[in-house]
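Notes for the one structure printed next.
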Amino acid sequence: MADIPFHETLDLSLCGKLGRVHRICRQAVSVAVEPLGFTQPGWTAMMHMYHLGEGCTQHQLATSLDIEMPSLTRTLKQLEHAQVIERRVDEHDKRCRRLYFTAQGEQQLSALKARISEVKTHLYQGLSDEQLNMMALGLVALEDNANQFMEDQE
């Protein structure tokens, strides 16, 4: 009998396992940041906004989060009401809204990033930098391959 690669022995497909791990890790962060007053939609929007850079558009953020605009708008209204972000009309396109953290939002973002860092430290326990780097490289390659496949299907 031929040796079966470990990834083929998983109870789910490798991509299915990735999805499951993603959901569990996202839930771990949600539980950890809840005492700070963050909901999952709120903290994920803030972190994606942070990574996209201030001044990103609502559309860019919705694309990054892979959600529809109405769902994002509801979350942004909540963050705006909590004085975490502000939406500004783009000076070149009045239909476009750009997103910025308020001073209070910057403080909350700092606390959020610190707590997420603590969670990551716990999640990465027992994994070497080499293992984490190999996983990261593999995930980037898998994402690139999936995107290329989707482009080829168009």
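Loop-only GluC sites (Glu not before Pro) in the stretch 40-135, please: DSSP not H, G, I, E or B, and at most 12 other Cβ atoms within 10 Å. Kindly include the intermediate steps, with their values, before the conclusion.
On the way: sites: E54, E68, E80, E86, E91, E106, E118, E130; in loops: E54, E68, E91.
Taking the stretch 40-135 and a limit of 12 other Cβ atoms within 10 Å, the loop GluC sites (Glu not before Pro) found are E68, E91.
Could you size up the charge dipole of the chain around its Cα centre, putting +1 on the beta carbon of Lys and Arg and -1 on that of Asp and Glu, and report it in debye to the nearest 20?
Once rounded to the nearest 20, the dipole reads 840 debye.
Report, to the nearest whole %, how much of the accessible area of the chain belongs to carbon and sulfur atoms, 1.4 Å probe, protein only. Could the numbers behind the result be given before it?
On the way: 5990 of 11090 Å².
Carbon with sulfur: 54 percent of the solvent-accessible area.
When only C-alpha pairs under 8 Å and at least 6 residues apart count, what is the relative contact order of the chain, in percent? Before the final figure, lay out each step's value.
Working: 100 pairs, mean separation 28.5, N = 154.
Reported relative contact order: 19 percent.
Counting only heavy atoms of the protein chains, get the accessible area per residue of the chain (1.4 Å probe) and round it to a whole Å² value.
Numbers: 11090 Å² over 154 residues.
Dividing the accessible area of the chain by its residue count gives 72 Å².
Once amide H atoms are built 1.01 Å from N in the peptide plane, which residues 5 or more positions from I85, or in another chain, come under 5 Å H to H?
Correct list: E80, T102.
Report, ordered by chain and residue number, the lysines lying within cross-link reach of K17, taken as a straight Cα distance under 29 Å and ignoring same-chain residues fewer than 8 apart.
K113, K120
Report the relative contact order of the stretch 29-113, percent, no decimals, based on alpha-carbon pairs under 8 angstrom and at least 6 residues apart. Before the final figure, lay out each step's value.
Working: 86 pairs, mean separation 23.6, N = 85.
So the answer I get is 28 percent.
How big is the equivalent ellipsoid of the stretch 29-113 along its three axes, where each semi-axis is √(5λ) from the Cα gyration tensor, reported in whole Å from largest to smallest?
Values: eigenvalues 87, 38, 23 Å².
Rounded to whole Å, the semi-axes are 21, 14, 11.
At 1.567 mPa s and 4 °C, plugging the Kirkwood radius over alpha-carbon pairs of the chain into Stokes-Einstein gives what diffusion coefficient in µm²/s?
Working: Rh = 17.9 Å.
Answer from the Stokes-Einstein relation: 72 µm²/s.
Name the chymotrypsin sites (Phe, Trp or Tyr not before Pro) in the stretch 91-136 that are in a loop by DSSP and that have at most 15 other C-beta atoms within 10 Å, would you? Before the final figure, lay out each step's value.
Numbers: sites: Y100, F101, Y124; in loops: Y124.
Filter output for the stretch 91-136: Y124.
Within the chain, what's the longest run with no trypsin sites (Lys or Arg not before Pro) in a DSSP loop and at most 13 other beta-carbon atoms within 10 Å? Give the range, please. Numbers along the way, then the final one.
Working: sites that count: K94, R95.
Counting only loop sites that pass the neighbour cut-off, the longest clear stretch is 1-93.
The values are calculated or read from the model by the stated rules, or taken from the named source; none is laboratory data. The structure displayed is predicted, hence computed values, not measured ones. Positions of Cβ are generated from backbone atoms using ideal geometry, with glycine treated the same way; all protein chains shown enter the neighbour counts. Accessible surface is based on the protein model in full, side chains and every heavy atom, while ligands, DNA and RNA are left aside. Shrake-Rupley method; radii C 1.70, N 1.55, O 1.52, S 1.80 Å.
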